[in-house]
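Please treat every number below as a calculation from the coordinates, not as lab data. Only a predicted model underlies this, so the values are computations on that prediction, with no experimental measurement involved. Every residue, glycine among them, receives a Cβ derived from its backbone with ideal geometry; neighbour counts consider all protein chains shown.
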Amino acid sequence: TAGGTREAIDPVRFLSNHSSGKMGYAIAEAARDRGASVFLVSTANLPDPVGVDILRVSSTAEMQKVVVKQCETADVLLMAAAVSDWRPADVAEQKMKKKSGEDKWNLSLVRNSDIVGSIEGKKLIKVGFAAESQRLKQNARKKLKSKGLHLVVGNDITAEDSGFGSDNNRVVLIGIDGRAEDLGLLTKYQTAYRILDKVVSLLG
Ligand code: C5P
């Protein structure tokens, strides 16, 4: 998966995040180059990678539907998408208008279900991402356990030379044994390649 999910507020507005989708696309391209058959579920507006099946979605619910279906036959799920934890409790059918005299608006949100955490398949290898602004390794290890992941890719979103929108990334890989491997500054394609090295070893 790639990109940030969009949660509609009304026909013209949505809640989302700064994910560009570049990391997910780099993984799709690197996996294709290594001979995998790739299905990319994307919210991003990037050019379609050649030789990859792609389906565009918008909300978390839409992404979940497609991912659940694909995982019936997939060997590996790589959840690079930045999935919104929350969505508006109600989606207005018409564009919401401001009322005169109003200087505050409370938007009520409800929890989205956790896509990667809810998918189970005996043989499915699950790779999750942890974008953190503090205590990166600690939070990434927590995510590995709570979401039942085989591998977590942690990145510090405060790093200035990598991350959102950049062609580079600086990640740490943490596997089930809890050991952290810092990959240092790499292009997103190189990062993807290294993630896939781990995935290949997990596939046995
Ligand atoms: O909990 P957090 O959003 O930080 O976890 C990040 C990882 O979990 C990412 O791999 C993301 O794609 C996945 N995720 C998900 N469903 C959600 C929220 C996050 O699959 N509702």
Summing Lys, Arg as +1 and Asp, Glu as -1, what charge do residues with Cβ under 11 Å from the Cβ of Thr60 carry, Thr60 excluded? 0
For Lys104, give me every one of the lysines with a C-alpha distance below 19 angstrom, ignoring sequence neighbours fewer than eight places off in its own chain. Lys95
Selection from Asn112, Ala82, Met96, by position along the positive dipole direction of the range 61-133 (Cβ): Met96
Using a cut-off of 12 Å between alpha-carbon atoms, which aspartates and glutamates can reach Lys97, once sequence neighbours fewer than 8 places away in the same chain are excluded? Asp10
Expressed as a whole-number percentage, the relative contact order of the range 120-161 with C-alpha contacts under 8 angstrom and at least six residues apart is 46
With the chain treated as a Gaussian network of Cα nodes joined by springs under 10 Å, which of Lys126, Lys69, Lys188 yields the largest mean-square fluctuation? Lys69
Within the range 57-141: Cβ-based charge dipole about Cα centre, in debye rounded to nearest 20 (Lys, Arg +1; Asp, Glu -1): 160
Going Cα to Cα from Lys147, which lysines come in below 21 Å? Please leave out same-chain ones fewer than 8 positions away. Lys65, Lys69, Lys122, Lys123, Lys126, Lys137, Lys198
Please compute the length gained on full extension between Asp10 and Asp177, using 0.36 nm multiplied by the number of residues separating them and subtracting their Cα-Cα distance. 55.7 nm
Quick one: plug the Kirkwood hydrodynamic radius of the chain (C-alpha pairs) into Stokes-Einstein at 25 °C, 0.890 mPa s, and report D in µm²/s. 138
Charges only on Cβ, +1 for Lys and Arg, -1 for Asp and Glu: so what's the dipole of the chain about the Cα centre, in debye to the nearest 20? 440
